[in-house]
Amino acid sequence: MIETAVQSPNSMSQQVTDQGTHLPTVAPTEVPAFKVQNLSIWYGQKQAINDVTIDIPSKTITAIIGPSGCGKSTFLRCLNRMHELMPHTRVEGKVLFQGEDLYGAGVDPAAVRRRVGMVFQKSNPFPTMSIAENVTVGLKLNGLRKRSLLDERLEKSLRMAALWDEVKDDLKKPGMSLSGGQQQRLCIARAIAVEPEVVLMDEPASALDPIATMKIEELIGVLKSNYTIVIVTHNMQQASRVSDKTAFFYVGKLIEFNDTKTLFSQPKEKKTEDYITGRFG
Amino acid sequence: MQSTPGNNRRWRTIKSAIVSALSFIAAILVVAPLGFVFFHLVRSGAGAVNLSFFTQLPKPVGEAGGGMVNAIVGTAELLGIAALIGVPVGVLGGVYLAEYGSARSNRMLRFIADVLNGVPSIIWGVVVYGLVVLRFKSFSAYAGGLSLGLIMIPLIMRTTEEVLLLVPNGYREAALALGISRWKTIVHIVMKTASKGIVTGILLALARVAGETAPLLFTAFGNRFWNHSLREPIAALPLQIFTYAISPYEDWHRQAWAGALVLIVGIFFINIVVRLLTRNPAFRVL
Ligand SMILES: Nc1ncnc2c1ncn2[C@@H]1O[C@H](COP(=O)(O)OP(=O)(O)O)[C@@H](O)[C@H]1O
Ligand SMILES: [Mg+2]
């Protein structure tokens, strides 16, 4: 406990005050992966996210649910600065990632995205590349050259994405030759190959059949031990199956955020209850 | 109801027959000149296309035989210089339009490119004459290649832009989400995905300028001999055809026909390569 306190500058300053005032030391809780404070996002004149404050814990699966158009994707994309690829977006408030301000001056969005990866709704393997190239392209273009290391990461990523056994003899085949569900797992392998700390997933299974969906859900459960996962889904069953924490968004606002079990069994807000009981959405 | 269903059907059948007959005639009118030109070229020129046409220099007036090897090589050199100028500028311009430019600057650039595409090619010759030939006091391969390259730029720019815009945004986002920088994403993901389309645009632009004569009159000028330096006037197939065709000599006329045939077959060949690139599923990217 003391060791961790010494390593982290934040808790170190705390320790000094503690010693000075002789207060009993508080057990340090796990630092959240993201501390989002009063976040608002606009597309031109249209406000998509309205004053959201939330702490997303590390090494857990956080689901974001809410009716379509409520700002789930927008919120997710601002956790790795992807939303700014759209023209005329504006952000107010703070997003702290491991204590660092993601929107601070001099922060390189590419460096952020290397640590906070993303998987999209529509699987999108690069069409000119083989299965193997799809997985290693992020490493190669970020400067990793060594053959043996690339091969090692290739196998590791495909294994983690539960795809290795299905493709190990076809690594040279085009990524596009795989089935829809396999393509999505290939995209997950591609995302984790660069060894990010967080994987954001925007409705990763919404275009897949039930069996492929199940595989992805299993995979997400396994990834949890190594990664912080934030998953957007409009499927409440999916949220309750896979996630530890669930956040309910409604017209750009965070209505409720709690342990998944609690949120689905004893929602505090009337809106949440209406939504999870299927009264709208 | 003015007519019975039976009548109505017959009238519709007749209308349909008339329209399809008219479109068939229109289609023939489009294809016929091409067939006619090609047939005429083969009939008048094939006789003079022989080994010496591809291996010998033009003979002085009065002497029979000789060939156009210097013009064939000259055209290749001019196209090479044109490509060195037109391809990088055109492709980078297209990349700017598709990937970087703001809506406002793009509208202006597209308008300029479209205007340039419509400029008569002789104007490019005059411009290069003024800028290069007068300054260096000599017609040259450089000047000829430059005038062709300038024609290629707006052509390549627009086709490159179009094929880059066909690349789905999902690929850009996927690459950027891996922490790959913007320019590497453009070069290694977007342009690679669109590479067949870009190459097609380049080949079509080359095919288009390969037959240009007017801009070369003021720039490359033509040369009856081998040119030993790119700073000297250089022969080109279209120029040679032009010179031979307006000469009073029967023998030169035959050679002009042969040159035209070779030129057309060459351009035809480029178009076939383009077709293969865009059609064969093995090559299909876009
Ligand atoms: N690129 C955009 N330009 C303008 N408005 C947008 C854009 N993307 C999303 N929006 C708007 O922002 C709101 C939130 O969208 P989004 O985050 O995609 O919702 P969700 O993922 O929950 O369906 C919607 O009202 C949508 O119309
Ligand atoms: Mg969405």
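The values are calculated or read from the model by the stated rules, or taken from the named source; none is laboratory data. Note that the coordinates shown come from a computational prediction; the quantities given were computed from them, not determined experimentally. Heads up, the Cβs are rebuilt from the backbone with ideal geometry, glycines too, and the neighbour counts pull from every protein chain shown. Protein only, heavy atoms only, side chains kept; ligands, DNA and RNA dropped before computing areas. Shrake-Rupley method; radii C 1.70, N 1.55, O 1.52, S 1.80 Å.
Points to keep in mind about this one:
- Rg/Rg_globular for segment B:68-236, with Rg_globular taken as 2.2 N^0.38 Å and Rg from C-alpha atoms: 1.17
- Estimated buried accessible area (total), pair B and A, 1.4 Å, Å² to nearest 100: 1700 Å²
- The residues of the protein assembly as shown have, on average, 52 Å² of accessible surface per residue, using a 1.4 Å probe with all protein chains present.
- Each DSSP beta bridge with both residues in the protein assembly as shown is either parallel or antiparallel, and the antiparallel ones are about 60%.
- Using the Cβ-Cβ distance between B:Asn50 and B:Arg135 with R0 = 45 Å, the FRET efficiency computed as 1/(1 + (r/R0)^6) comes to roughly 0.60.
- Other residues whose C-beta falls under 14 angstrom from the C-beta of A:Lys271 contribute a net charge of 0, scoring Lys and Arg +1 and Asp and Glu -1.
- Proximal charge balance of A:Val194 [Cβ under 11 Å; K/R count +1, D/E count -1]: +4
- Distance between segment A:52-110 and segment B:168-192 - C-alpha centres, whole angstrom: 20 Å
- Computed P(r) (all Cα pairs; chain A; 10 Å bins; percent): 6, 26, 31, 24, 10, 2, 0
- Residue-count net charge about B:Ala17 - beta-carbon cut-off 14 Å; Lys, Arg +1, Asp, Glu -1: +4
- Highest GNM mean-square fluctuation among B:Ile234, B:Ile270, B:Ile156, for chain B modelled with Cα contacts below 10 Å: B:Ile270.
- For the protein assembly as shown, the carbon plus sulfur part of the accessible surface works out to 62%, probe radius 1.4 Å.
- The shape of segment B:147-251 can be summarised by an equivalent ellipsoid whose semi-axes, obtained from the alpha carbon gyration tensor, come to 43, 14, 9 Å from longest to shortest.
- Cβ-placed point charges (K, R +1; D, E -1), dipole of segment B:68-236 about Cα centre in debye, nearest 20: 240 debye
- When B:Leu204, B:Leu109, B:Leu97 are compared by accessible surface with a 1.4 Å probe, the order from highest to lowest is B:Leu204, B:Leu109, B:Leu97.
- Centroid-to-centroid separation of segment B:15-60 and segment B:197-234 [C-alpha atoms, Å]: 23 Å
- The Stokes-Einstein estimate for segment B:191-286, based on a Kirkwood radius over Cα pairs and taken at 10 °C with 1.306 mPa s viscosity, is a diffusion coefficient of 103 µm²/s.
- Built amide H within the under 5 Å cut-off of A:Met201, gap 5+: A:Val119, A:Val230, A:Ile231, A:Val232
- Geometric extent, Cα atoms of the protein assembly as shown - Rg, Dmax (angstrom): 33.3, 115
- Computed over all pairs of different Cα atoms, the Kirkwood value for the hydrodynamic radius of segment A:164-221 is 12.2 Å.
- By the combined test of axial Cα extent (at least 24 Å) and Kyte-Doolittle hydropathy (mean at least -1.0), the qualifying DSSP H helices of chain B come to B:5-45, B:69-95, B:141-166, B:250-279.
- For chain B, the normalised intensity computed at q = 0.10, 0.13 Å⁻¹ comes to -0.69, -0.98 (log10 of I(q)/I(0), Debye sum over alpha carbons, equal scatterers, no solvent).
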